[in-house]
1. Can you name the residue in segment 42-92 that is at pLDDT below 85 and among the small types (Gly, Ala, Ser) and is also farthest from Asp10 (Cα to Cα) among such residues?
2. Any residue in segment 10-20 that is more than 12 Å from the chain's Cα centre (by Cα), modelled with pLDDT under 90 and in a helix (DSSP H, G or I)?
3. Just to be sure I understand the filter: pairs with C-beta atoms under 6 Å, separated by 6 or more residues or on different chains, first member in segment 22-34 and without any contact (Cβ under 8 Å) to a residue 40 or more places away in the chain and assigned to a helix (DSSP H, G or I), second member surrounded by fewer than 16 Cβ atoms within 10 Å (Cβ to Cβ) and of a type in the set (Ser, Thr, Tyr). Which pairs pass?
Amino acid sequence: MADFTDAIDDYNKLSEEELDEKIQDVLKKIDIAYKMGYGPTVDQLLFHLENLKMALGDKLDRQTYEIIQGKLPEQYSLTDDDFDEIDQEPKK
């Protein structure tokens, strides 16, 4: 199990370009292994492909979130203080 978590950590340390290159690499290996009839190898490669795709998706989601946060006007940004003020307003 330690190997799996180490692999995930390694994927998270890679840049988007490096992840994309690794995905392309794995896809080529899957194609070769499939043509040679190595079923268990294909399964292992598909597993790594999914992990690479998840790591890339997480990075892109994080980037999108950061971009949105940077463009969000301050008046639409809610904090805990805002919710406290709403809770303390007199009920009508």
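1. Filtering first and then ranking leaves Ser77.
2. yes
3. Sorted first by the residue in segment 22-34, then by its partner, the pairs are Ala33/Thr41.
The values are calculated or read from the model by the stated rules, or taken from the named source; none is laboratory data. Source: prediction; values computed, not measured. Don't worry about glycine lacking a Cβ; one is built from the backbone with ideal geometry, like all the others, and counts go over all protein chains shown.
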